[in-house]
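S.K.: Next up is a structure, given as structure tokens.
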Amino acid sequence: MNNTIQSTLDDFEALAIPHLNDLYRTARRTMGNTSDAEDVVQEAYLQAWKSFHRFEPGTNIRAWLFKILFHVASHHRRKLFKFKQADVTDEVIAETVAYEPAPPSDLRDEEVLAALAAVPQTYRIVLMLADVQEFSYKEVADIMQIPIGTVMSRLSRGRGIMRDALSKTSIAAGFFTAKRMAATV
């Protein structure tokens with residue numbers, strides 16, 4: 001292996017590999033299962049390696065890797081599902097998302113993850129990027145290749161759906177009694 005290729009490989013490993021766990025966690029939540037997540041992350045890193053000559057040093061490699069990840073995940077889903085899936089309309093969301101009090105702070109991780117899984121994928125991806133991976137709205141817009149207004153809208157709706165799911169979990173777990181619920185509304 002010549003020195004140029006070795007140098008490029010070393011640069012790629014130094015810059016890209018530290019983000020592997022973040023990409024995998026996001027892929028796992030996005031794809032819904034371990035096997036698909038592993039496939040998507042592996043393909044994303046392969047694509048990143050093939051395209052590494054186009055990466056501009058000094059820019060945000062993490063955002064660049066997430067952009068590749070979501071492109072690969074989208075392509076992966078299209079291959080799996082040849083039929084058109086029904087999308088949630090604004091009317092359905094408006095009917096299902098109503099103000100709910102904030103969920104209690106003593107929720108378990110499993111309850112939060114279950115609530116996140118209940119969020120439709122369109123909103124879940126934006127939630128994961130903005131709230132979990134802490135990308136800015138602009139970075140999320142660049143990664144998802146959507147307008148920044150759409151990012152803000154999806155984030156707001158996704159947070160509302162998650163808050164609703166967490167509130168229902170809290171009620172089912174007995175954190176709120178009917179009397180306390182009425183007092184908080």
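The values are calculated or read from the model by the stated rules, or taken from the named source; none is laboratory data. If you're wondering where the values come from, they're calculated on a predicted model, not measured in any experiment. Here the Cβ positions follow ideal geometry from the backbone for every residue, glycine too, while neighbour counts run over all protein chains shown. Areas reflect the complete protein model, heavy atoms only, side chains present, ligands, DNA and RNA absent. Shrake-Rupley method; radii C 1.70, N 1.55, O 1.52, S 1.80 Å.
S.K.: Take residue 84 and tell me if it is closer than 24 Å to residue 153 by Cβ, part of a loop (DSSP other than H, G, I, E, B) and either modelled with pLDDT of 85 or more or not polar (S, T, N, Q) (or both). Reasoning before the result, please.
M.R.: Values: closer than 24 Å to residue 153 by Cβ: yes; part of a loop (DSSP other than H, G, I, E, B): yes; either modelled with pLDDT of 85 or more or not polar (S, T, N, Q) (or both): yes.
The answer is yes for residue 84.
S.K.: Consider residue 11 against the criteria (1) closer than 27 Å to residue 137 by Cβ; (2) modelled with pLDDT under 90; (3) open to solvent by less than 90 Å² (accessible area, probe 1.4 Å); (4) part of a helix (DSSP H, G or I): it satisfies all of them except one. Which criterion is unmet?
M.R.: Failing condition for residue 11: (1).
S.K.: Also, quick follow-up: Looking only at residues that are at pLDDT 75 or above and not hydrophobic (A, V, I, L, M, F, W, C) in segment 95-114, which one is least open to solvent (accessible area, probe 1.4 Å)?
M.R.: So in segment 95-114, the residues at pLDDT 75 or above come out as 107-114.
The next check asks that each one be not hydrophobic (A, V, I, L, M, F, W, C); those that pass are 108-111.
Numbers: 108: 140, 109: 116, 110: 121, 111: 18 Å².
Going through the qualifying residues, I end up with 111.
S.K.: Regarding residue 151, is this residue of a type in the set (A, V, I, L, M, F, W, C) and open to solvent by 50 Å² or more (accessible area, probe 1.4 Å)? Break it down stepwise before answering.
M.R.: On the way: of a type in the set (A, V, I, L, M, F, W, C): yes; open to solvent by 50 Å² or more (accessible area, probe 1.4 Å): no.
Judged against the criteria, residue 151 is not a match.
S.K.: Let me ask something else. Only residues that are within 19 Å of the chain's Cα centre (by Cα) and among the hydroxyl-bearing types (Ser, Thr, Tyr): list them for segment 1-50, please.
M.R.: 24, 26, 30, 34, 35, 45
S.K.: What number of residues within segment 119-139 are of a type outside the set (Gly, Ala, Ser) and more than 16 Å from residue 19 (Cβ to Cβ)?
M.R.: From segment 119-139, those of a type outside the set (Gly, Ala, Ser) are 119-129, 131-135, 137-139; that's our starting set.
Restricting the remaining residues to those that are more than 16 Å from residue 19 (Cβ to Cβ) gives 119-127, 131, 137-138.
Going through segment 119-139 one residue at a time, the tally reaches 12.
S.K.: While we're here: Out of the residues in segment 17-33 that are assigned to a helix (DSSP H, G or I), modelled with pLDDT under 90 and of a type outside the set (A, V, I, L, M), state the one that is surrounded by the fewest Cβ atoms within 10 Å (Cβ to Cβ). Before you say what the answer is, go through the steps one by one.
M.R.: The initial filter retains those residues of segment 17-33 that are assigned to a helix (DSSP H, G or I), namely 17-31.
Of the ones still in play, those that are also modelled with pLDDT under 90 are 29-31.
With the extra rule that they be of a type outside the set (A, V, I, L, M), the set shrinks to 29-30.
Details: 29: 19, 30: 21.
Residue satisfying both the conditions and the ranking: 29.
S.K.: Show the residue pairs that are 6+ apart or on different chains and have beta-carbon atoms under 9 Å apart, the first residue being within segment 128-157 and at positive phi, the second being surrounded by 14 or more Cβ atoms within 10 Å (Cβ to Cβ) and aromatic (Phe, Trp, Tyr).
M.R.: As it stands, the answer is 145/70, since those pairs meet every condition given.
S.K.: Considering each of 165, 117, 130, 172 in turn, give the residue that is at pLDDT below 90 and within 12 Å of the chain's Cα centre (by Cα). Walk me through it before giving the result.
M.R.: Numbers: 165 fails: within 12 Å of the chain's Cα centre (by Cα); 130 fails: at pLDDT below 90; 172 fails: within 12 Å of the chain's Cα centre (by Cα).
The conditions single out 117.
S.K.: In contact with a helix residue (DSSP H, G or I) (Cβ under 7 Å, 6 or more places away or on another chain) and either open to solvent by 70 Å² or more (accessible area, probe 1.4 Å) or polar (S, T, N, Q) (or both): is that true of residue 47 in this structure?
M.R.: Working: in contact with a helix residue (DSSP H, G or I) (Cβ under 7 Å, 6 or more places away or on another chain): yes; either open to solvent by 70 Å² or more (accessible area, probe 1.4 Å) or polar (S, T, N, Q) (or both): yes.
For residue 47, the condition - in contact with a helix residue (DSSP H, G or I) (Cβ under 7 Å, 6 or more places away or on another chain) and either open to solvent by 70 Å² or more (accessible area, probe 1.4 Å) or polar (S, T, N, Q) (or both) - is met.
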